[in-house]
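For reference, the structure discussed in these notes is given below.
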Amino acid sequence: LPPRHMDAVVEIVDALESSDPGTVPALARALGACSTPGCRAVLGDPPEVPPAPAAVTQEQWALLTQLLRHDPAAPERGAVLAPDGSTVALGPLLAGIEVGLRRGTGWRGPTTPAPLDALYAVTVTEALGTSFLLARGGGGSRATLGPGGCWDDVGDPQNYTLLGPPSPVPDATAHGAMDGVLLGARLAQAPAALADVLRRYYGTGNGTGTGRPPSSYRRRDFGALAGPGKLEEEVAAMLGVLRALPPTRELLEGVGPEEVAAVARRAARDFTEVYVECPAIVPRCMWGARPYRGTPKPLSLPLGSVYIHHTSTPSAPCRTFAACARAMRAMQRFHQDTRGWDDIGYSFVVGSDGYLYQGRGWHWVGAHTKGYNSKGYGVGYVGDFSATLPDPDTIALVRDGFLPCAVRTGRLHHNYTLRGHRQMGDTDCPGSSLFREIETWHGFE
């Protein structure tokens, strides 16, 4: 089959639209993009599956059929790799796009037992409400969000493997849902050819562009469009609809209005924290990490310090997933083969592509700040920041995203201290410009 990359999806959409404009949303529903009870209540029963259109090859048709077949037991099968390195479920993305296109023609939405916003209903709130409803009273033993996953080959992605037991909202579904809301809202205002919209939003190629595509801003943009209050309201509304639908009525038997409100509140709060307020972290298997050498030493959490570094080499910021992954592999080779360390030294590395990259991670002692490796996280910016600063977005990724998130999730003390590497040893790191910047941050000492 063609690679499960967003580029391959855009090619299929382009071919379908060239032969029959407007056919993609209905075709997506026919193949299973909107097969859950709540989504069908909003967009209606799907049409019959048509024969393979002549505009696409048999291989393209097989790929599209596979990606849109809804399988709650294996949500990873509906995912594709986007050029920014994120993984996106196609079902909620295309369902949100259909709502946007319908609204662009004057559609006012469905008649449902409880008033709701169709754009959120078909993308995120049904899965989110269901996940937290099923988990209530479970003592925290059931996953409600996540996990992420990794591809077998980011150059030719065919198989995506989850990194833990799936919830109804794994990372790929969350990304597809947020993208469905953002693109649906955009298409409602200005309908356009779908292939062009996808191409502009995701970019093309696996890191062939020179900068960040709009998809790498999904957390910021979704947060601006849907604050926690809006999300909480829409989860509660969707649970009201599910209560009235025969397939899901039993799920809400004995669940009163106060409990529904509590489920909606927690679902919106947790989703916002994980997918809006906390930055995305690219796991080791996505950037192509070698195995750790030896036995890693565990950290005792929460830690009390963070040490800011710059890599110096590479000296240029990385602005695409491919470039940042390449920089991570180069640093790991240097740290293991030349320095003789067990692994890449940093706990986390900051790309200028909008993402953090996992080095030693949250739980293992690094090799970043001699004498202090067990006391704090080492966070390194890719680039040489002696004379210049990282982009404002890249500064904010750590200052306003990573650090508050680490505190909220119990990995960092609320009264942590922040220092530059030069304060702890004989080095210019993290560069004079970046050091002057972090002197203004909360926790700097």
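The values are calculated or read from the model by the stated rules, or taken from the named source; none is laboratory data. Predicted, not measured: the structure shown is a model, and the values here were computed from it. Glycine also receives a Cβ, built like all others from the backbone with ideal geometry; neighbour counts cover every protein chain displayed. With ligands, DNA and RNA removed, areas are computed over all heavy atoms of the protein, side chains included. Shrake-Rupley method; radii C 1.70, N 1.55, O 1.52, S 1.80 Å.
Identify, by number, the condition in (1) closer than 19 Å to Glu233 by Cα; (2) modelled with pLDDT under 95 that Leu251 doesn't meet.
Only one criterion in (1) closer than 19 Å to Glu233 by Cα; (2) modelled with pLDDT under 95 is unmet by Leu251, namely (1).
Can you tell which of Ser433, Ser374 is part of a helix (DSSP H, G or I), over 23 Å from Cys278 (Cα atoms) and at pLDDT 95 or above? So that I can check it myself, show each step before the final result.
Details: Ser374 fails: part of a helix (DSSP H, G or I).
From the options Ser433, Ser374, the qualifying one is Ser433.
Mind listing whichever residues of the stretch 151-178 are in a helix (DSSP H, G or I) and either touching a strand residue (DSSP E or B) at 6+ places or on another chain (Cβ under 6 Å) or not assigned by the TED database to the domain that holds Gly129 (or both)? Don't jump to the end; show me each part of the working.
Filtering the stretch 151-178 for residues in a helix (DSSP H, G or I) gives 171-178.
Ala172, Thr173, His175, Gly176, listed by residue number.
Just to be sure, is Leu225 surrounded by 21 or more Cβ atoms within 10 Å (Cβ to Cβ) and hydrophobic (A, V, I, L, M, F, W, C)?
Numbers: surrounded by 21 or more Cβ atoms within 10 Å (Cβ to Cβ): no; hydrophobic (A, V, I, L, M, F, W, C): yes.
In short, no.
Suppose we filter the stretch 270-322 for residues that are closer than 30 Å to Asn415 by Cβ, in a loop (DSSP other than H, G, I, E, B) and not hydroxyl-bearing (Ser, Thr, Tyr); how many remain?
9
Here is a list: Val398, Val407. Which entry is surrounded by 18 or more Cβ atoms within 10 Å (Cβ to Cβ), closer than 20 Å to Pro279 by Cβ and within 26 Å of the chain's Cα centre (by Cα)? Full working, then the answer.
Details: Val407 fails: surrounded by 18 or more Cβ atoms within 10 Å (Cβ to Cβ).
Just one listed residue meets the conditions, Val398.
Suppose we filter Leu145, Leu134, Leu128 for residues that are open to solvent by less than 20 Å² (accessible area, probe 1.4 Å) and either closer than 30 Å to Ala188 by Cβ or in contact (Cβ under 8 Å) with a residue 24 or more places away in the chain (or both); which single one remains?
Of Leu145, Leu134, Leu128, the one residue that is open to solvent by less than 20 Å² (accessible area, probe 1.4 Å) and either closer than 30 Å to Ala188 by Cβ or in contact (Cβ under 8 Å) with a residue 24 or more places away in the chain (or both) is Leu128.
Could you list, in sequence order, the residues of the stretch 40-71 that are open to solvent by less than 70 Å² (accessible area, probe 1.4 Å) and hydrophobic (A, V, I, L, M, F, W, C)?
Within the stretch 40-71, Ala41, Val42, Leu43, Ala52, Ala55, Val56, Trp61, Ala62, Leu63, Leu64, Leu67, Leu68 meet the criteria.
Answer yes or no: is there a residue in the stretch 336-356 that is assigned to a helix (DSSP H, G or I), hydroxyl-bearing (Ser, Thr, Tyr) and more than 24 Å from the chain's Cα centre (by Cα).
Checked the stretch 336-356: at least one residue is assigned to a helix (DSSP H, G or I), hydroxyl-bearing (Ser, Thr, Tyr) and more than 24 Å from the chain's Cα centre (by Cα).
For Gly304, which of the numbered conditions (1) of a type in the set (Gly, Ala, Ser); (2) out of contact with any Pro (no Cβ under 9 Å at 6 or more places or on another chain); (3) closer than 30 Å to Ala172 by Cα fails to hold?
(3)
What residue, of Val398, Val379, is farther than 23 Å from Pro298 by Cβ and out of contact with any Cys (no Cβ under 6 Å at 6 or more places or on another chain)? Outline the logic, then answer.
Numbers: Val379 fails: farther than 23 Å from Pro298 by Cβ.
Going through Val398, Val379 in turn, just one is farther than 23 Å from Pro298 by Cβ and out of contact with any Cys (no Cβ under 6 Å at 6 or more places or on another chain): Val398.
Take the residues in the stretch 43-73 that are among the aliphatic types (A, V, I, L, M) and touching a Leu at 6+ places or on another chain (Cβ under 9 Å), then tell me which one is nearest to Ser352 (Cα to Cα).
Applying the first criterion (among the aliphatic types (A, V, I, L, M)) to the stretch 43-73 yields 43, 49, 52, 54-56, 62-64, 67-68, 73.
Filter again for touching a Leu at 6+ places or on another chain (Cβ under 9 Å), leaving 49, 55-56, 62-64, 67-68.
On the way: Val49: 43, Ala55: 39, Val56: 37, Ala62: 36, Leu63: 32, Leu64: 32, Leu67: 31, Leu68: 33 Å.
Step by step, filter the stretch 43-73, then rank; the result is Leu67.
Results for (1) within 15 Å of the chain's Cα centre (by Cα); (2) buried (at least 24 other Cβ atoms within 10 Å of the Cβ), shown as yes or no for each residue.
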position: Ser86; (1), (2): yes, yes
position: Arg108; (1), (2): no, no
position: Thr111; (1), (2): no, no
position: Ala121; (1), (2): no, yes
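Just the residues that are out of contact with any Pro (no Cβ under 8 Å at 6 or more places or on another chain), of a type in the set (Gly, Ala, Ser) and closer than 18 Å to Gly148 by Cα, please, taken from the stretch 85-131.
Within the stretch 85-131, Gly85, Ser86, Gly91 qualify.
Cβ-Cβ distance below 8 Å, separation of 6 or more or different chains: which pairs start in the stretch 315-338 with a residue that is of a type outside the set (D, E, K, R) and end on one that is buried (at least 18 other Cβ atoms within 10 Å of the Cβ) and assigned to a helix (DSSP H, G or I)?
Pro317/Thr394; Cys318/Cys324; Cys318/Ala327; Cys324/Trp287; Ala325/Met286; Ala325/Trp287; Met328/Trp287
Can you confirm whether Ala325 is open to solvent by less than 10 Å² (accessible area, probe 1.4 Å), of a type in the set (A, V, I, L, M, F, W, C), in the same structural domain as Pro157 (by the TED database) and in a helix (DSSP H, G or I)? Let's see the steps before the verdict.
Numbers: open to solvent by less than 10 Å² (accessible area, probe 1.4 Å): yes; of a type in the set (A, V, I, L, M, F, W, C): yes; in the same structural domain as Pro157 (by the TED database): no; in a helix (DSSP H, G or I): yes.
No; evaluated as a whole, the condition is false for this residue.
Quick check on the stretch 199-209. Is at least one of its residues among the hydroxyl-bearing types (Ser, Thr, Tyr), modelled with pLDDT under 95 and either open to solvent by 50 Å² or more (accessible area, probe 1.4 Å) or assigned by the TED database to the domain that holds Pro392 (or both)?
Initial filter on the stretch 199-209 (among the hydroxyl-bearing types (Ser, Thr, Tyr)): 201-202, 204, 208.
Add one more test, that the residue is modelled with pLDDT under 95, and what stays is 204, 208.
Remaining after also requiring either open to solvent by 50 Å² or more (accessible area, probe 1.4 Å) or assigned by the TED database to the domain that holds Pro392 (or both): 204, 208.
Yes, because at least one residue in the stretch 199-209 is among the hydroxyl-bearing types (Ser, Thr, Tyr), modelled with pLDDT under 95 and either open to solvent by 50 Å² or more (accessible area, probe 1.4 Å) or assigned by the TED database to the domain that holds Pro392 (or both).
Any idea which of Arg243, Arg249, Arg212 is among the charged types (D, E, K, R), over 19 Å from the mean Cα position of the chain (by Cα) and buried (at least 16 other Cβ atoms within 10 Å of the Cβ)?
Arg243
One line per residue, one yes/no per condition, for (1) touching a Gly at 6+ places or on another chain (Cβ under 9 Å); (2) at pLDDT 95 or above; (3) more than 29 Å from Pro157 (Cβ to Cβ):
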{"residue": "Phe271", "(1), (2), (3)": "no, yes, no"}
{"residue": "Val276", "(1), (2), (3)": "yes, yes, no"}
{"residue": "Pro283", "(1), (2), (3)": "yes, yes, no"}
{"residue": "Pro291", "(1), (2), (3)": "no, yes, no"}
{"residue": "Gly294", "(1), (2), (3)": "no, no, yes"}
{"residue": "Leu299", "(1), (2), (3)": "yes, yes, yes"}
{"residue": "Ile308", "(1), (2), (3)": "yes, yes, yes"}
{"residue": "Ser315", "(1), (2), (3)": "yes, no, yes"}
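Identify, please: which residue in the stretch 266-282 is more than 16 Å from the chain's Cα centre (by Cα) and surrounded by fewer than 17 Cβ atoms within 10 Å (Cβ to Cβ) and is, among those, nearest to Gly223 (Cα to Cα)?
Per the stated criteria, the residue is Arg269.
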